[in-house]
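Chemist: Sending over a structure as structure tokens; questions will come in a sec.
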Amino acid sequence: MGARVLQQIGGHTGSVNTAIFDTTGDYVVSGGQDKRIFLSNANTGRQVQSYDGHGWAVQGVAINQDGSQLASCGGDRMVFVWDISTAQIKRKLTGHQQRVDCVATSKDGSIVASGSFDKTVCIWDMRAAPRSPLQVLKESKDGVASLVMTDSEIIAGSIDNCVRTYDIRMARVIEDSLGSPVVSVAIPSPQTSMLAVG
């Protein structure tokens, strides 16, 4: 049985580097080589909002659970936090030394984490005034390609063949070596203890 296209979503000029659904499944957020981010209706393909501000290609996007906040990252070594309805930038977060490839956010949007080609994961507290990272995790020996966040953990996939699970509450890390670069990590649902990697 082959896959079939349900809806095509346009808007980008050039390649699309990242695309995710919001928690309802009704909207898609995409980021591309054209430095732009689009929010589109998944059912109609219609563009709802655009987000412009990155100086280089957009590499990753994340949305908090209630859909009020969008985080994005890219080749400009920055993480932007947006008000999703007004398309206004709430915060510009700096701290990485190279391209930022992935970003994740807590359910309520109070914590944002990003992974970079500079081999680090930066964690920011959106409730704090300083724009510098709350914490920088430096265990990776190569670029961090993918992140996922749960209530108590940040899970990072790295080009160094490892998945690292950071327990935020207990301040410890578990490292699993998989024998090949990890470019994607995902949790199928909040009710499962399974992790999908690729």
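The values are calculated or read from the model by the stated rules, or taken from the named source; none is laboratory data. Here the structure is a predicted model, which means the values were calculated and not measured. Every residue, glycine as well, gets a Cβ built from its backbone with ideal geometry; the counts of neighbours run over all protein chains shown. The accessibility values were calculated without ligands, DNA or RNA, using every heavy atom of the protein model including side chains. Shrake-Rupley method; radii C 1.70, N 1.55, O 1.52, S 1.80 Å.
Chemist: Output the residue which, of all residues in the range 57-71 that are outside any strand (DSSP E or B) and not hydroxyl-bearing (Ser, Thr, Tyr), is nearest to ILE84 (Cα to Cα).
Modeler: GLY67
Chemist: What is the residue count in the range 89-110 for residues that are charged (D, E, K, R), open to solvent by less than 80 Å² (accessible area, probe 1.4 Å) and assigned to a loop (DSSP other than H, G, I, E, B)?
Modeler: The qualifying residues number 0.
Chemist: On to the next question. If you check ALA128 against the conditions, is it open to solvent by less than 70 Å² (accessible area, probe 1.4 Å), within 21 Å of THR18 (Cα to Cα) and over 15 Å from the mean Cα position of the chain (by Cα)?
Modeler: Criteria not met by ALA128.
Chemist: Can you tell me which condition HIS54 does not meet? The list is (1) closer than 30 Å to LYS138 by Cβ; (2) touching a Leu at 6+ places or on another chain (Cβ under 9 Å); (3) part of a loop (DSSP other than H, G, I, E, B); (4) not aliphatic (A, V, I, L, M), and all the others hold.
Modeler: Single failed check for HIS54: (2).
Chemist: So SER158 fits all but one of (1) of a type in the set (S, T, N, Q); (2) surrounded by 13 or more Cβ atoms within 10 Å (Cβ to Cβ); (3) out of contact with any Asp or Glu (no Cβ under 9 Å at 6 or more places or on another chain); what number is the exception?
Modeler: (3)
Chemist: Another question, if that's okay. If you scan the range 62-78, which residues turn out to be open to solvent by less than 70 Å² (accessible area, probe 1.4 Å) and either farther than 13 Å from ILE37 by Cα or more than 13 Å from the chain's Cα centre (by Cα) (or both)?
Modeler: ASN64, GLY67, SER68, GLN69, GLY75, ASP76, MET78
Chemist: Here are HIS54, HIS12: which of them is surrounded by 14 or more Cβ atoms within 10 Å (Cβ to Cβ) and in contact with a Lys or Arg (Cβ under 6 Å, 6 or more places away or on another chain)?
Modeler: Among HIS54, HIS12, only HIS54 is surrounded by 14 or more Cβ atoms within 10 Å (Cβ to Cβ) and in contact with a Lys or Arg (Cβ under 6 Å, 6 or more places away or on another chain).
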